[in-house]
Structure formats: structure tokens, C-alpha cells
Amino acid sequence: HLRLLRADLDRCTALVESLLALARLEPQAEPLVREPVDLDAMLDGLDPEAQAAGMRIERALSVPQLRAAPALLASALRNLIDNALRYGREGGRVRIESTRLPQGGTRLAVRDDGTGVPPEQRARLGERFFRVLGTGQAGNGLGLSIVARIAALHGASLRFEDGLDGRGLSVVLDFPPD
């Protein structure tokens, strides 16, 4: 009984933390303070989580820095990588990419080779509390809505595509030029 109670408490705590994070991202009176963020340094420390999930993380960072609010960018990346690890497959991989866009902005993508999301459900992924049914994973459906809000605060677009090798899911953020 104590184990079940502990699991329920952990789920409630995660829900409250996600709701608080989302509430903090509501329209702010002050403009967003952006600074150069070293993507490689921000991603350091993620490999043990991937190894614990039986996966590997690859980095393809052709743009090493992104001008953003560091804490918000870290939150978005944590949510995206957590999702990729959670919904990925045993022995799978997650690739984090940054590339320069033709118009001068930066594309940041987190791609996996897991089960993916059917194309007809992808448009709803950024909605609050939306969850793809049948995954067998715990969650509250707020992670991608937090990412969507962070993208909007940065003026970035958010979209969902097929993942690695035609499997899984890719979450793509296109940041405007500095």
C-alpha cells in the first residue's frame, strides 16, 4: 500500500510542478532576457539518464550556441529529452540537432526512433493535458504545452515530424534570427 501511495504522490507532485511551470510562462510584463547559450554544455549530464533507459543520446550541433533565455531553454530541452527517452525503445537513440536556417535563424530538433505519434494526432501534441492513448506511460500531458509556450515566448515555431529513420517522433523548434 505504501508503494502505491508513493507512486500516486509522485504523480501528483509532477502534475503540480508542471502546472506551476506553465503558470509561470503566462504573459509577462517584462521582455524575455536572451543570452548566448552553449548547447553542448546545457546537454552535458544527459547520457546517464539515457543509459538508464537503455538508449543513447547523439549530438549533431552544427550551431553551438543559441540566443535564448537559459532557464527556459533548459526546461524545454529537459521536457523534450524526457519524452524521447520515455517513449523511445530499448536500445534506441535520441539525436539532438542544431542547424542554421537559410533565413538566418536556428533550428533545434530532438528526434527519436521510438513508437512515434500518428500524423493525425500530432497537431494536438502541444495542447494542455493531451496524451496519446495506449502508450502505457505515466504523465500529465503538460510537457509539450510547456515547450509550446517557451517556443512562443522566443518567437520560435514548433512542429512535429517523423523521427529517425522514419520511426519515432521529431520535435522541431525554429528560432528567428537574433
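The values are calculated or read from the model by the stated rules, or taken from the named source; none is laboratory data. If you're wondering where the values come from, they're calculated on a predicted model, not measured in any experiment. All Cβ positions, even for glycine, are placed from backbone atoms using ideal geometry, and neighbour counts span all protein chains on display. The protein model used for the area step is the full one, side chains on, heavy atoms only, and it has no ligands, DNA or RNA in it. Shrake-Rupley method; radii C 1.70, N 1.55, O 1.52, S 1.80 Å.
At-a-glance table
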| quantity | calculated |
| --- | --- |
| Given (1) surrounded by 12 or more Cβ atoms within 10 Å (Cβ to Cβ); (2) modelled with pLDDT of 70 or more; (3) aliphatic (A, V, I, L, M); (4) farther than 27 Å from Arg93 by Cα, index of the condition Leu43 fails | (4) |
| Filtered residues of segment 57-66 (kept if over 13 Å from Arg100 (Cβ atoms) and crowded, with 19+ Cβ neighbours inside 10 Å) | Ile57 |
| Residue among Leu85, Leu39, Leu80 that alone is aliphatic (A, V, I, L, M) and farther than 15 Å from Gly163 by Cα | Leu39 |
| Set Gly141, Gly54, Gly134, Gly88: member being surrounded by fewer than 20 Cβ atoms within 10 Å (Cβ to Cβ), touching an Asp or Glu at 6+ places or on another chain (Cβ under 7 Å) and modelled with pLDDT under 85 | Gly54 |
| Qualifying position, being within 23 Å of Phe175 (Cβ to Cβ), open to solvent by less than 40 Å² (accessible area, probe 1.4 Å) and at pLDDT below 90, among Ala109, Ala156, Ala69, Ala76 | Ala69 |
| Enumerated strands (runs of 3 or more DSSP E) restricted to segment 33-121, each holding at least 3 residues that are charged (D, E, K, R) and free of Cβ contacts under 8 Å to residues at least 40 places away in the same chain | 56-61 |
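A quick yes/no check of all residues on (1) of a type in the set (Gly, Ala, Ser); (2) modelled with pLDDT of 85 or more:
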{"site": "Ile96", "(1), (2)": "no, yes"}
{"site": "Arg100", "(1), (2)": "no, yes"}
{"site": "Gly114", "(1), (2)": "yes, yes"}
{"site": "Pro118", "(1), (2)": "no, no"}
